[in-house]
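All remarks here apply to the structure that follows.
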Amino acid sequence: MKLLAPTPPPYDPLSWVKRPLGERGRMVCEAWALQGYGTPPAVFGVYLVKILAYVGAWIGFTTLSLGVHVADIGSWWLSPAAFQKAILWSMLFEGMGLGCGSGPLTGRYSPPIGGVLHFLRPGTTKLPVFPSAPVLGGSRRTWLDVALYGAIVALVLRALLAPAIDASHLIPLAVLIPLLGLADKTTFLAFRAEHYWTTIVVFTLTQDFVAGAKAVQLALWFWAGVSKLNHHFPTVICVMTSNGPLWRIPAIRKAMYRSFPDDLRPSRLAVFLAHAGAALEFGTPLVLAFAPGGWSLTLGIALMLALHTYITSNVPMGVPLEWNVMVVYGGFALFWAHPDVTALDVGSLPLAIFLAVMLVGVPLLGNLRPGAVSFLCAMRYYAGNWAYGVWLFRGESFRKLDKLTKAAPWVYDQLARFYDRSTAVGLVGKVLAFRLMHLHGRALPVLIPKAVEKLEDYEYLDGEIVAGMVLGWNFGDGHLHDEQLLKNVQEQCGFAPGELRCIFVEAQPLFGDRMGYRIHDACDGPIESGELTVSEMRERQPWAATAEVRG
């Protein structure tokens, strides 16, 4: 069916995959510029239906538990109780794997989610904070890990069905979610704890939670703006526009680049849009933080709607769609409904200290030392400046991954249920373009030859897809598929020397100009480490190992 068929690339994928990296990179980047990922049209429809189901479930939980009626939604949708239900439901939705990191736009085809299907299975691979710690450590999920995750799901459902949410519902969640995070960092991030758990702690520490919840939401916007204070974000605009379902006119997509197809660096238009997006992310919290009502409040809400409508309409890879819906709802439920409350009115010293740590200390550390903090906890959302990894499997050695208890089969085995080999290779091959066309990905033409002699002898797989298969969740955090995951995989799979090589690239720190990298062999360990300057990468074409501008 045409609706289910991806857009074919303008080359034969089976011959393309045998070409050297430079040729392969140029061909796939040119294809992405005009085609994006090539997502089948029906897939975008599925994501839209999922958003509607997410909103519908919140309405269902709220009406059932509070005894209100859908017909009267105008009288209760902005109430504090409805907001609490929205936070709880959003956290559960994400923690079950139904939101961010779901479906084919995150390299997850069959099954389309991991999450609950994976986190409730003992023996699956996990990433504890302290691997050697008793009880919560180890490399594989235990029955205790499963019980902790199951208890959180049950407790959230209990709170969603309760007529009134009190300490008995909140304290267990405030305690168990970070405890589970100690046992497995993946689950902590999957619950989007930097937003939802932080807000639940606000609920726990004060009944008048509007000020604290406002502080959380203002921090989300502010630090997202801070994360754009570099040269990465214009490449995000290029990649996202080329993939957006609403921008299919070739002229619009070509306008994002300096001179298609010879120079695929961001155009002046892309740079302007990047600056405008960063201004929106700063302007929205600045206006809403001080708007007493009236026209200033209306302006703040309008800025918020412009920001999140643009993001959501582009359906970015990683699909943080429901999260964007929740942030917009929070803007209305917190700022529109309570303009007289400021974020400084938290009214509790313990809460103020907690918020200072979570909303200032952790994000600041994550921006200055990105290797120390997940980009989610640092609130560096969709900035294009992330840690990432590339896994290179020699020949058929990837079959050793079958020794793992995985969330999904090998990616090509997933796609074989729907497409022929050529189509599958063409689709997965676009992930190489996604990585190369971001500024940080321009390190790969330099680093891949350091890792392997001939890329043609290896299966190239982005770490995001590896994390999706092995950890049950992925959402752009390269720290989920770095040396810790490689060590856990090697313990269970036993790759021989040269069979699995990995490249790990760290994000650029705020006020810095360098990105660190490490190259590892699964069996033999570290091969090389060093740094690359971002300023030098800005001069390269996505496929080039040196500065190269043609045409």
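Does any residue of segment 412-429 turn out to be in a strand (DSSP E or B), touching a residue at least 40 places away in the same chain (Cβ under 8 Å) and hydroxyl-bearing (S, T, Y)? Before you say what the answer is, go through the steps one by one.
The initial filter retains those residues of segment 412-429 that are in a strand (DSSP E or B), namely none.
Scanning segment 412-429 turns up no residue that is in a strand (DSSP E or B), touching a residue at least 40 places away in the same chain (Cβ under 8 Å) and hydroxyl-bearing (S, T, Y).
Name, by its number, the condition in (1) among the acidic types (D, E); (2) at pLDDT below 95; (3) closer than 30 Å to A270 by Cα that does not hold for E456.
(3)
Scan segment 490-513 for residues that are at pLDDT 95 or above and more than 22 Å from the chain's Cα centre (by Cα) and jot them down.
Hits for segment 490-513 are Q490, E491, Q492, C493, G494, F495, A496, P497, G498, E499, L500, R501.
What's the number of the condition L376 fails, among (1) in a helix (DSSP H, G or I); (2) in contact with an Asp or Glu (Cβ under 9 Å, 6 or more places away or on another chain); (3) under 18 Å from N230 (Cα atoms); (4) of a type outside the set (D, E, K, R)?
Every condition holds for L376 apart from (1).
Scan L334, L297 and give me the residue that is out of contact with any His (no Cβ under 7 Å at 6 or more places or on another chain), under 19 Å from G74 (Cα atoms) and not charged (D, E, K, R).
Result of the check over L334, L297: L334.
Does segment 18-36 hold any residues that are outside any helix (DSSP H, G or I) and crowded, with 22+ Cβ neighbours inside 10 Å, and which are they?
G36
Tell me which residues, restricted to segment 37-65, are more than 28 Å from I87 (Cβ to Cβ), in a helix (DSSP H, G or I) and not small (G, A, S).
Scanning segment 37-65 gives P41, V43.
Considering I171, I200, I237, I177, which residue is within 18 Å of the chain's Cα centre (by Cα), in a helix (DSSP H, G or I) and outside the structural domain of L436 (by TED's automatic domain parsing)?
Result of the check over I171, I200, I237, I177: I237.
Just to be sure I understand, how many residues within segment 1-17 are surrounded by 14 or more Cβ atoms within 10 Å (Cβ to Cβ) and within 24 Å of A251 (Cα to Cα)?
Quick first cut of segment 1-17, residues surrounded by 14 or more Cβ atoms within 10 Å (Cβ to Cβ) only: 5-9, 11, 13, 16-17.
Then drop every residue that is not within 24 Å of A251 (Cα to Cα), which leaves 5-9, 11.
Of the residues in segment 1-17, 6 are surrounded by 14 or more Cβ atoms within 10 Å (Cβ to Cβ) and within 24 Å of A251 (Cα to Cα).
So how many residues does segment 133-165 have that are touching a helix residue (DSSP H, G or I) at 6+ places or on another chain (Cβ under 9 Å), part of a loop (DSSP other than H, G, I, E, B) and either among the charged types (D, E, K, R) or on the phi < 0 side of the Ramachandran plot (or both)?
Qualifying residue count for the region: 10.
Here is a yes/no grid of residues against (1) touching a residue at least 40 places away in the same chain (Cβ under 8 Å); (2) within 20 Å of the chain's Cα centre (by Cα); (3) in a helix (DSSP H, G or I):
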{"position": "Q84", "(1), (2), (3)": "yes, no, yes"}
{"position": "S90", "(1), (2), (3)": "yes, yes, yes"}
{"position": "G97", "(1), (2), (3)": "yes, yes, no"}
{"position": "C100", "(1), (2), (3)": "yes, yes, no"}
{"position": "L105", "(1), (2), (3)": "yes, yes, yes"}
{"position": "P112", "(1), (2), (3)": "no, yes, no"}
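Report yes if A193 is surrounded by fewer than 24 Cβ atoms within 10 Å (Cβ to Cβ) and either part of a helix (DSSP H, G or I) or not polar (S, T, N, Q) (or both), otherwise no.
no
Does G366 meet the test of being under 30 Å from R540 (Cα atoms), buried (at least 22 other Cβ atoms within 10 Å of the Cβ), assigned by TED's automatic domain parsing to the domain that holds P122 and touching a helix residue (DSSP H, G or I) at 6+ places or on another chain (Cβ under 9 Å)?
So G366 passes the test.
Would segment 406-420 turn up any residue that is of a type outside the set (D, E), touching a Lys or Arg at 6+ places or on another chain (Cβ under 7 Å), within 28 Å of A545 (Cα to Cα) and not assigned by TED's automatic domain parsing to the domain that holds L98?
no
Within segment 78-117, take every residue that is buried (at least 19 other Cβ atoms within 10 Å of the Cβ) and of a type in the set (V, I, T) and give me the one that is farthest from S65 (Cα to Cα).
Residue satisfying both the conditions and the ranking: T106.
Evaluate the following for K430: is it assigned by TED's automatic domain parsing to the domain that holds P526 and more than 30 Å from L264 (Cα to Cα)?
For K430, the condition - assigned by TED's automatic domain parsing to the domain that holds P526 and more than 30 Å from L264 (Cα to Cα) - is not met.
The values are calculated or read from the model by the stated rules, or taken from the named source; none is laboratory data. On a predicted model such as this, the values are computed, not experimentally measured, just so you know. Using ideal geometry, Cβ is built from the backbone for each residue, glycine included, and neighbour counts are taken over all protein chains shown.
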